[in-house]
Amino acid sequence: MEFAKRMERLGTETAFSVLAKANALEARGREIIHLEIGEPDFDTPSHIVEAGCRALRGGETHYTPTAGIPGLRAAIAAEVARTRGIAVDPAQVVVTPGGKPIMFFAILALVNEGDEVLIPNPSFPIYESMVNFVGGRPVFVPLLQENAFRFDLDEFRAKLGARTTMVILNSPANPTGGVLTPEDIAELAGILRERPDVFVLSDEIYSRMLYESPFASIASEPDLGPDGRTIILDGFSKTYAMTGWRLGYGVMPVPLAEQMTKLQVNSNSCTNAAAQYAGLEALAGPQDSVDRMLFEFRARRDLIASGLNELPGVECLIPQGAFYAFPRIAGHPADALADLLLEEAGVACLSGTAFGHCGEGHLRFSYANTRENISRALERMGEVLSQTATRQT
Ligand SMILES: Cc1ncc(COP(=O)(O)O)c(C=O)c1O
């Protein structure tokens with residue numbers, strides 16, 4: 001079968017293929033500990049599930065307005081206004097099936113062939129995939145362990161070129177667990193103010209998952225709000241353990257919201273009606289489940305980071321946000337090591353290279369699994385790494 005040429009430029013998200021490989025091993029009787037996929041292992045809080053069921057029973061089984069039901073757009077506008085300290089009009093909000101379509105739509109709507117887009121490396125692989133897909137040119141800005149996975153801001157500035165159309169930010173970050181500090185944000189804003197022609201896609205899907213410092217958004221900076229040229233991507237998948245509902249949103253300038261709505265009408269028509277009502281309840285209802293999940297994630301973070309640091313050849317920074325650890329592991333190419341750990345330790349994780357070339361030498365562990373399983377995974381990895389260290393000496 002012959003596909004359109006553009007399909008050759010489309011990448012993928014390795015987490016899903018590793019999950020399939022791990023599932024195939026399980027089907028053959030192996031016991032696998034899943035630390036590969038980036039989704040909370042908690043169930044969606046029951047009051048949110050109930051709101052979704054109530055909506056279905058109440059007849060909310062039809063198409064909704066393309067950009068989302070008015071009540072949800074208004075609730076999102078109020079939430080983003082409150083958490084970022086800015087004014088947001090519901091007309092700036094586009095509700096989508098998950099946060100992912102916002103990156104797809106923003107890049108489709110704003111990046112021309114040959115345009116450059118600054119992308120952190122390592123980072124979520126779909127950014128690069130989409131930029132390549134539309135014929136743009138990804139320009140990578142390294143996030144290195146030596147620099148606590150923060151940008152070298154001189155390098156960031158140097159990479160902004162005449163053809164730069166967009167920069168992508170992601171804090172707290174997948175896969176590193178790093179965050180942009182308020183100082184980083186202020187400096188980045190200073191750099192970006194010199195380039196008012198550049199759009200900013202700020203992926204804030206982990207905005208509620210921080211362990212040390214409060215959340216800081218570029219969109220809170222003067223001249224960089226979503227009324228000008230910043231697109232905030234956020235959603236319900238991670239914060240409310242709602243990955244399977246597919247519910248996310250973007251907040252952006254109104255003319256761009258209209259273009260994104262056009263892209264949505266050409267693809268999904270709208271977001272699932274019941275999921276939108278569940279999202280309304282998530283925002284309006286009690287937030288104690290979010291706090292409980294964060295409390296548990298913090299305990300797991302401490303467990304996995306200290307456990308990894310005790311393994312031979314492993315060095316792991318304490319993640320500041322999200323639910324990923326991104327240790328450096330000496331002496332192994334990352335792809336081979338991820339395979340080895342799956343085959344020999346029964347631990348599924350991702351090679352750092354799944355997130356870009358700067359991920360070489362690292363593995364990504366999602367600690368969205370129980371403390372018991374994390375401890376067992378650490379034990380099993382310790383055995384395999386000690387054996388390979390012995391074989392190498
Ligand atoms: C950085 C980042 N952005 C966006 C998403 C997409 O989230 P959703 O499931 O809401 O589409 C993910 C999911 O893993 C992510 O890690």
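The numbers here are math on the coordinates, done by the rules we state, and not lab data. Keep in mind that this is a model prediction, so the values were computed, not measured. Neighbour counts run over all protein chains shown; Cβ positions are idealised from the backbone, glycine included.
What to note about this one:
- Distant-in-sequence amide H partners of G235 (H built 1.01 Å from N, under 5 Å): Y249
- Measuring nothing but how far apart in sequence close Cα pairs (under 8 Å, 6+ apart) lie, relative to its length, the chain scores a relative contact order of 24 percent.
- Projected label distance in nm at F295 and M7, using a 7 Å step from Cα toward the beta-carbon: 5.0 nm
- Taking each residue as 0.36 nm, the span from H357 to A330 lengthens on full extension beyond its C-alpha to C-alpha distance by 8.1 nm.
- Sum of -39500 (n - 2.57) over DSSP H runs of 4+, divided by residues of the chain (222 nm, nearest 500): -12500 deg cm²/dmol
- Burial ordering of Y63, Y277, fewest other beta-carbon atoms within 10 Å first: Y63, Y277
- Interchain or long-range residues, amide H under 5 Å from R150's placed H: L144
- Backbone N atoms of the stretch 318-356 closer than 19 Å to the 7 Å Cα→Cβ label point of D302 belong to residues 318-326.
- GNM top mover of A275, A336, A27 - the chain, alpha-carbon springs below 10 Å: A27
- Under 5 Å from the amide H of V200 lie the amide H atoms of V167, T230, I231, each residue being 5 or more positions distant or on a separate chain, with H modelled from the backbone and absent for Pro and chain starts.
- Ranked L108, L385, criterion: other C-beta atoms within 10 Å, fewest first: L108, L385
- Extreme residue, positive dipole direction of the chain, given options G52, H362, P101 (C-beta unit charges): G52
- Karplus-derived HN-Hα couplings along the stretch 15-21 (A = 6.51, B = -1.76, C = 1.60, θ = phi - 60°), whole Hz, x at Gly and Pro: 3, 6, 6, 5, 4, 5, 5
- Nearest 10 degrees, 0 to 90: helix 273-284 Cα axis against the chain principal axis: 80 degrees
- A rounded overall shape is assigned to the stretch 100-230, the ratio a/c of its alpha-carbon gyration tensor axes (a ≥ b ≥ c) being less than 1.5.
- Full extension of the chain segment joining N268 with E113 gains 53.3 nm, where the gain is 0.36 nm per residue of separation less the Cα-Cα distance.
- For the pair the stretch 305-347 and the stretch 161-183, the centres of their Cα atoms are 23 angstrom apart.
- Projected label distance in nm at V254 and R54, using a 7 Å step from Cα toward the beta-carbon: 3.2 nm
- Sorted on the mean count of surrounding Cβ atoms within 10 Å across their residues, most packed first, peptides 250-262, 343-355 read 343-355, 250-262.
- Cα-derived Rg over Rh, computed across the chain with Rh taken as Kirkwood radius: 0.96
- ³J(HN,Hα) computed for each position of the stretch 53-70 - Karplus, 6.51 cos²θ - 1.76 cosθ + 1.60, integer Hz, glycine/proline x: 5, 4, 4, 5, 5, x, x, 7, 10, 10, 4, 10, x, 4, 7, x, 5, x
- Note, ³J(HN,Hα) from phi for the stretch 72-87, Karplus 6.51, -1.76, 1.60, rounded to Hz, x at Gly and Pro: 6, 4, 5, 5, 5, 4, 5, 5, 5, 4, 5, 7, 9, x, 9, 7
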